[in-house]
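Okay, so here's the structure we're looking at.
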Amino acid sequence: MLKRWGFVLFLALAPLALYPVLAPASFSTTAPRNDYVGNGATATYTYSFRIFASSDLKVTKTDTSGVSTTLTLTTDYTVTGVNSASGGTITLTAGNLTSGYALTIRFQRSIQQATDLRNQGGYFASTHENKFDETTRYSQQLQDQADRSIKLPETEAGTAAKTTLPTATSRASKFLGFDSSGNPIAAAGTSADLTPVSAYINTLLDDATATDARQTLLLDKHGADIASAGTLNLDAATGDLVDVTGTTTITAVTLAEGVEKTVRFTGALTLTHGASLVLPGSTNITTAAGDVAVFRGYASGVVRVVTYQKLSGLAVVLQTVAAGNGIGVSTSGSTTTVSAIPRSYLAGLAMSTAGSSATMSIAAGQATDSTNAQNITLAAISKTTSAWAVGTGNGCLDTGAIANSTWYHFYAILRTDTGVTDVLCSTSASAPTMPTSYSFKRRIGSGKTDGSAQWTAFKQTGDWFYWVTPTLTVDVTDQSSTAVSRTLNMPVGFKMLADMQIMVSTATASDGYTYFRDPDSTDSAPSVTVAPLASHGAALANATTPNRMMVMTKNDATITTRSVGASTTVRIVTMGWQDRRGRDD
């Protein structure tokens, strides 16, 4: 009997001996998902969880624009590592994942139960383990989807009203909104179904056009007129553009901080500058009909006028412009002209006279005055030797009567109250007696009268003046071996460059070497070997040697001559002179 039961027990246990005993299996609690970002150099990516078939993966690629594409097994990728507890890899068939693209690999399997466990059937541990793994994987798959879903807070119980969306028909082409109870509603964006918004916003949301919306917001809207008052309440304006009527002085404005209002005044009133109403230039403004101002709430109780435009186009605040340093200012009546001019500028204004005439002509031109403060613009004009009177053809003399054989200096002059310009002549080289109301001048040249108190003829080219008929200025036969001053026929009062025709002769060989120089330079004996040498020379006895030379004069029109011997004859004809007329000041 025991033998028989032992045989039966052997038969019962024999199937178990045919299968190995499986070790307990562990399963990751991490969601079955891996995420990557492409670097442009990788095509194979790892998944770190067990799958049961190559179709258990969902692979999604997202480009840099956010467009996602679900990849297809075999067509877009291949899989290794099926049934491996540590996972495996997928390889993109198109090659490396583009740099910046996202790649998501996660477990996804249709939920099903395809295993049939029969009563009194064989117990296969691996079969049960696989089913437990699949069941856990299904749970993780659902948890991953739940983690990416919108959920109610932990402390809030779910109800059908809170979690059920409106039907597809009622929510088509609408927004997801929430009513006052927090329940989802289908909102079309109008006042009829947007319960949470205010009545004012309701009036904005039903506007069909941008123009309508801006009008609702009081933008680009001409509101009702507001009467001027000591404190002007612009917060009450029904548009961002309003007309202010009346003539009451305004000392304060009520306007919320950061808000701007554009105001057009219909008449004359005074805006008073102060701590609460800050005006341009920190000065009161008298308005005129049609003037426009932009008011901005700046801080609590403070409003600024950030822009003010007069209907006339004139500036609301006149800035003071000081003449000088390259800025010229001239005024004619109510018009002030500001111009940029170079220091000591002079152009045109050439002088000419036919000679033996009382008339001096001056060409049109422009010059900075002697202080570089005003711009003097002169039309062509002729002046006589009579007492000064404004206008062409009238006299130029500042004081007294015209004298014979006398140098006179000519000035372009300006009176700033009217902008009138004219020409004045004077024996003074720097301080003529100015006519009444004329306060700016610029010396433009000089002329000399003849023995009949008429002008001696000359020609002017730029800064050079040349006598029409040059005369012998110096004629000496006993030129000293020491320095002697010689006066030339040219203007006095300024250092100028003299243009001379000279002739030197001597009765004694080598005595004729002569040094012509600026009197302000150091006196030196002329020489043929050492500085400063000689300006001109007559090496042979009784030799006559003419020459043309230029020498800088002293401000009294003199130069200095010095010869080797005392028996030298020196003759000088003043041909002309260079007069810079203040260009270098």
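The values are calculated or read from the model by the stated rules, or taken from the named source; none is laboratory data. Everything numeric in this text was worked out from a predicted model, so none of it was measured. Counting neighbours? That spans all protein chains shown, and the Cβs are built from the backbone with ideal geometry, glycine included.
At-a-glance table
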quantity: Those residues of segment 247-296 which are of a type in the set (Gly, Ala, Ser), surrounded by fewer than 16 Cβ atoms within 10 Å (Cβ to Cβ) and touching a Leu at 6+ places or on another chain (Cβ under 8 Å), in sequence order; calculated: Ala288, Ala289, Gly290
quantity: Residue in segment 434-457 that is surrounded by the fewest Cβ atoms within 10 Å (Cβ to Cβ), counting only those that are of a type in the set (Gly, Ala, Ser) and in contact (Cβ under 8 Å) with a residue 60 or more places away in the chain; calculated: Ser452
quantity: The lone exception for Thr231 - which of (1) at pLDDT below 70; (2) closer than 30 Å to Thr266 by Cα it fails; calculated: (1)
quantity: Residue in segment 113-132 that is out of contact with any Ser or Thr (no Cβ under 6 Å at 6 or more places or on another chain), modelled with pLDDT of 75 or more and surrounded by 10 or more Cβ atoms within 10 Å (Cβ to Cβ) present; calculated: no
quantity: Where Thr487 falls short, out of the listed (1) surrounded by 19 or more Cβ atoms within 10 Å (Cβ to Cβ); (2) under 18 Å from Lys554 (Cα atoms); (3) not small (Gly, Ala, Ser); calculated: (1)
quantity: Qualifying position, being outside the structural domain of Thr359 (by TED's automatic domain parsing) and buried (at least 16 other Cβ atoms within 10 Å of the Cβ), among Thr421, Thr514, Thr482; calculated: Thr514
quantity: Residue ranges of strands (runs of 3 or more DSSP E) in segment 328-399 with at least 2 members within 15 Å of Gly445 (Cβ to Cβ) and modelled with pLDDT of 90 or more; calculated: 346-348, 359-362, 365-368, 375-378, 381-387
quantity: Filter result for Thr70 (at pLDDT below 75 and polar (S, T, N, Q)); calculated: no
quantity: Pairs, first part of a strand (DSSP E or B) in segment 230-246, second of a type in the set (Ser, Thr, Tyr), C-beta under 6 Å, six or more apart; calculated: Asn233/Thr254; Leu241/Thr262; Asp243/Thr266; Val244/Ser228; Thr245/Thr266
quantity: Residues within segment 262-294 that are assigned to a strand (DSSP E or B) and charged (D, E, K, R), tallied; calculated: 1
quantity: Which numbered condition Thr195 fails, given (1) modelled with pLDDT under 70; (2) among the β-branched types (Val, Ile, Thr); (3) in a strand (DSSP E or B); calculated: (3)
quantity: Strands (runs of 3 or more DSSP E) fully within segment 41-94 counting 3 or more residues that are more than 60 Å from the chain's Cα centre (by Cα) and surrounded by 13 or more Cβ atoms within 10 Å (Cβ to Cβ); calculated: 77-80
quantity: Selection status of Ser430, exposed (fewer than 14 other Cβ atoms within 10 Å of the Cβ), free of Cβ contacts under 8 Å to residues at least 24 places away in the same chain and closer than 23 Å to Ala364 by Cα; calculated: no
quantity: Of the criteria (1) touching a strand residue (DSSP E or B) at 6+ places or on another chain (Cβ under 6 Å); (2) crowded, with 19+ Cβ neighbours inside 10 Å; (3) over 24 Å from Ile559 (Cα atoms), which one Asp499 fails; calculated: (3)
quantity: Cross-chain or 6+ apart pairs with Cβ under 8 Å, segment 537-549 first and on the phi > 0 side of the Ramachandran plot, then at pLDDT below 70 and surrounded by fewer than 13 Cβ atoms within 10 Å (Cβ to Cβ); calculated: none
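Condition check ((1) farther than 30 Å from Tyr408 by Cβ; (2) polar (S, T, N, Q)) across all residues:
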position	(1), (2)
Thr487	no, yes
Lys495	no, no
Thr529	yes, yes
Leu533	yes, no
His536	yes, no
Arg548	no, no
Asp585	no, no
